[in-house]
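Reading through the structure tokens given below for one structure.
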Amino acid sequence: MLQTLIDRLCRVLTAIMVVFLALMVVMVFGNVVLRYGFNSGITVSEELSRWLFVWMTFIGALIALRSHAHLGTDTVVSRLPVVGKKICLGLAHLLMLYLCWLMFRGSWQQTVINWGSTSAVMEARMGYFYASGLFFSVFAFLFILVDFVRLVTGQLAESELIGVTESDDMPHGNPEVDPQPAPQVKP
């Protein structure tokens, strides 16, 4: 049930990213056209685009975290026995949970420090800008914690013990990790 809720949240966050990207494209392109064509411009476009980009980056990082799409290497871990894979994944999760805590603490401090100041053009509280780190760290902590609990309770399949998702374009052909070998092309 929690997995379904997280998947739905990720779909909503993906839609929000699409909206943010569309707004950024419209504002930046519109601003360029207005400046060169009509010697005018959208005053708020540059600052708002920067804010949307920062929020979109953190939201995208959350979605990538959920789908295990961040960069990583599995050269050593893929060759370990199941117990070794579990230990490595557990240690990685504990380290990531600690890093989420550090990010939360730093983002909280920046949000509080900048809550009273406003942005130059939009005159919006700068705390909202730094709250993107809070948003990321809270949800990343939740996503990682759910995966850690699944690991500890034995709910992860052996194929899920490696925290890196391979690209579909580059099959690795390791029978221990990928039970289906790459298709052979006959000359």
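Number of residues in the range 1-18 that are among the β-branched types (Val, Ile, Thr) and closer than 13 Å to GLY60 by Cβ: the value is 3. When the range 66-97 is limited to residues that are part of a helix (DSSP H, G or I), charged (D, E, K, R) and out of contact with any Leu (no Cβ under 8 Å at 6 or more places or on another chain), the one that is nearest to ILE144 (Cα to Cα) turns out to be ARG66.
Pick out the one residue from ILE63, ILE59 that is surrounded by 16 or more Cβ atoms within 10 Å (Cβ to Cβ), assigned to a helix (DSSP H, G or I), in contact (Cβ under 8 Å) with a residue 12 or more places away in the chain and touching a Cys at 6+ places or on another chain (Cβ under 6 Å). Quick ask: steps written out before the conclusion?
Details: ILE59 fails: touching a Cys at 6+ places or on another chain (Cβ under 6 Å).
Just a single option satisfies the conditions, and that option is ILE63.
Kindly indicate whether SER132 is within 30 Å of SER78 (Cα to Cα) and either β-branched (Val, Ile, Thr) or at pLDDT 60 or above (or both). When the stated conditions are applied, SER132 does not pass them.
Residues in the range 11-27 that are buried (at least 16 other Cβ atoms within 10 Å of the Cβ) and over 23 Å from PHE135 (Cα atoms): MET27 alone.
A single member of PHE148, PHE104 is surrounded by 14 or more Cβ atoms within 10 Å (Cβ to Cβ), touching a residue at least 40 places away in the same chain (Cβ under 8 Å) and in a helix (DSSP H, G or I), and it is PHE148.
Taken together, the residues in the range 10-54 that are assigned to a helix (DSSP H, G or I), in contact (Cβ under 8 Å) with a residue 40 or more places away in the chain and hydrophobic (A, V, I, L, M, F, W, C) amount to 7. Of the listed requirements (1) in contact (Cβ under 8 Å) with a residue 60 or more places away in the chain; (2) farther than 28 Å from TYR128 by Cα; (3) surrounded by fewer than 17 Cβ atoms within 10 Å (Cβ to Cβ), HIS68 misses just one: (2). Can you pull out every residue in the range 72-89 that is surrounded by fewer than 12 Cβ atoms within 10 Å (Cβ to Cβ) and either touching a residue at least 40 places away in the same chain (Cβ under 8 Å) or within 23 Å of GLN3 (Cα to Cα) (or both)? Correct list: THR73, VAL82. Quick one: is LEU95 of a type outside the set (Val, Ile, Thr), at pLDDT 95 or above, exposed (fewer than 12 other Cβ atoms within 10 Å of the Cβ) and closer than 21 Å to ALA61 by Cα? Taking the combined requirement at face value, the residue satisfies it.
The values are calculated or read from the model by the stated rules, or taken from the named source; none is laboratory data. Keep in mind the model is a prediction, meaning the values are calculated, not measured. Note that each Cβ is placed from the backbone with ideal geometry, even for glycine, and that neighbours are counted across all protein chains shown.
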